[in-house]
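Q: Quick one: the structure is below, questions incoming.
The values are calculated or read from the model by the stated rules, or taken from the named source; none is laboratory data. Everything numeric here is computed off the predicted structure, so don't read it as measured data. Here the Cβ is made from the backbone with ideal geometry for all residues, glycine too, and neighbour counts use every protein chain on show. The protein model used for the area step is the full one, side chains on, heavy atoms only, and it has no ligands, DNA or RNA in it. Shrake-Rupley method; radii C 1.70, N 1.55, O 1.52, S 1.80 Å.
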Amino acid sequence: MIIEPSGQACGATVRGVDLAGELSPILIAGIQAAWLEHKVLAFADQRMDDDALERFSLAMGDFGDDPFFDPIKGRKNIAAIQREADEKSPLFAEQWHSDWSFMEKPPKATCLMAVEIPPVGGDTMFCDQAAAFAAMPETRKEELRQIKAVHSARRGYAPDGLYGDNDKGRSMAIRPGEAAMATFTHPLIKPHPETGKEVLFCSISYTIGFEGMDEMAGMQLLMELHQWCEQEWFHYRHKWEPGMLVMWDNRCLNHKATGGYEGHRRELHRTTIAA
């Protein structure tokens, strides 16, 4: 297994492994260790079908729930993240977020397998939320440790949300609903359950406020944190290749999609790995 660090805030490319082949305990242990170190692993030159994607995902943990996606036909735990060449709907997931942070137990990891990759554009951006917190002044860290953030899916998946009833012409199988109005509270600063590093756990997509703050003060704090994390030295920009599988750690990263592939079709198959 050859690991090539990205040279950016996080991320590494892995070569020399066949994830469609035998997933030995030694291989999985090596992948786990590299993943905890680099936070995003991009496995190049894979030849995986959906069966192989499921086998690898289960080697990393149990399947997690995807509350607002329909799975692809014939599968229970694989969703298609896709966009047709002529699609005009707003780009999916183009704001920073950690997958399903509005759940009581947000997922540990997400896997995306390249099915159809356009020749240009479509990079995925990652922000190292542990590095972003570590770079703050100590007095600010202590202030933020006292705060609890309120998370909800309502901005995206409620009936009046971005992907709600008025979202027309989208090829992805998104299922919005009233369940998106629910909220769940997490500490703003959470220790990573395996590395112990403190992580800034909030996002412009799913954080809707903070306990004990009025709406205006909460929005000001959210925008302050958002702008802090926008600094490029906390980022990794991942460029996709055909045959690539990417796995990232939702517990310490935010991510977002980018466009730039108008006129080309893009499809990735996704699994969610439970905490």
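Q: Run GLY169 past the list (1) under 17 Å from the mean Cα position of the chain (by Cα); (2) assigned to a loop (DSSP other than H, G, I, E, B) and report the number of the one that doesn't hold.
A: Status for GLY169: all satisfied but (1).
Q: Determine whether LYS105 is free of Cβ contacts under 8 Å to residues at least 12 places away in the same chain and either part of a loop (DSSP other than H, G, I, E, B) or in contact with a helix residue (DSSP H, G or I) (Cβ under 7 Å, 6 or more places away or on another chain) (or both).
A: So LYS105 does not fit the description; no.
Yes/no per residue for (1) of a type in the set (A, V, I, L, M); (2) surrounded by fewer than 18 Cβ atoms within 10 Å (Cβ to Cβ); (3) modelled with pLDDT of 95 or more; (4) within 28 Å of MET113 (Cα to Cα):
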{"residue": "PHE201", "(1), (2), (3), (4)": "no, no, yes, yes"}
{"residue": "SER205", "(1), (2), (3), (4)": "no, no, yes, yes"}
{"residue": "GLU215", "(1), (2), (3), (4)": "no, yes, yes, no"}
{"residue": "PRO242", "(1), (2), (3), (4)": "no, yes, yes, yes"}
{"residue": "HIS264", "(1), (2), (3), (4)": "no, yes, yes, yes"}
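Q: Report whether or not TRP228 is under 21 Å from CYS127 (Cα atoms) and open to solvent by 70 Å² or more (accessible area, probe 1.4 Å).
A: When the stated conditions are applied, TRP228 passes them.
Q: So how many residues does the range 33-51 have that are under 21 Å from the mean Cα position of the chain (by Cα) and either aliphatic (A, V, I, L, M) or exposed (fewer than 15 other Cβ atoms within 10 Å of the Cβ) (or both)?
A: So the count comes out to 9.
Q: Another question, if that's okay. Conditions: (1) among the charged types (D, E, K, R); (2) open to solvent by 50 Å² or more (accessible area, probe 1.4 Å); (3) at pLDDT 95 or above. ARG170 meets all but one. Number of the miss?
A: (2)
Q: Does ALA79 meet the test of being more than 30 Å from MET223 (Cα to Cα), among the small types (Gly, Ala, Ser), in contact with an Asp or Glu (Cβ under 6 Å, 6 or more places away or on another chain) and modelled with pLDDT of 95 or more?
A: yes
Q: For residues that are in contact with a strand residue (DSSP E or B) (Cβ under 8 Å, 6 or more places away or on another chain) and part of a loop (DSSP other than H, G, I, E, B), scanning just the range 120-137, find the one that is surrounded by the fewest Cβ atoms within 10 Å (Cβ to Cβ).
A: Looking at residues that are in contact with a strand residue (DSSP E or B) (Cβ under 8 Å, 6 or more places away or on another chain) and part of a loop (DSSP other than H, G, I, E, B), I get ASP123.
Q: Among the residues of the range 56-72, is there at least one that is of a type in the set (S, T, N, Q), in contact with a strand residue (DSSP E or B) (Cβ under 9 Å, 6 or more places away or on another chain) and modelled with pLDDT of 95 or more?
A: yes
Q: Going through GLY61, GLY74 one at a time, which residue ends up being of a type in the set (Gly, Ala, Ser), within 29 Å of PHE234 (Cα to Cα) and out of contact with any Leu (no Cβ under 9 Å at 6 or more places or on another chain)?
A: The unique qualifying residue is GLY61.
Q: Find the residue count for the range 4-13, including only residues that are over 19 Å from the mean Cα position of the chain (by Cα) and surrounded by 16 or more Cβ atoms within 10 Å (Cβ to Cβ).
A: So the answer is 0.
Q: Can you tell me how many residues within the range 138-153 are touching a residue at least 24 places away in the same chain (Cβ under 8 Å) and either open to solvent by 10 Å² or more (accessible area, probe 1.4 Å) or part of a loop (DSSP other than H, G, I, E, B) (or both)?
A: 6
Q: Right, something else. Looking only at the range 52-80, count every residue that is among the hydrophobic types (A, V, I, L, M, F, W, C), farther than 29 Å from GLY164 by Cα and open to solvent by 30 Å² or more (accessible area, probe 1.4 Å) and tell me the total.
A: Final tally of qualifying residues: 2.
Q: Just one of GLY156, GLY164, GLY177 is without any contact (Cβ under 8 Å) to a residue 40 or more places away in the chain, open to solvent by less than 50 Å² (accessible area, probe 1.4 Å) and of a type outside the set (Val, Ile, Thr); which is it?
A: GLY164
Q: Considering every residue within the range 82-96, establish whether at least one is open to solvent by 10 Å² or more (accessible area, probe 1.4 Å), under 18 Å from the mean Cα position of the chain (by Cα) and over 28 Å from LEU225 (Cβ atoms).
A: Looking through the range 82-96, at least one residue is open to solvent by 10 Å² or more (accessible area, probe 1.4 Å), under 18 Å from the mean Cα position of the chain (by Cα) and over 28 Å from LEU225 (Cβ atoms).
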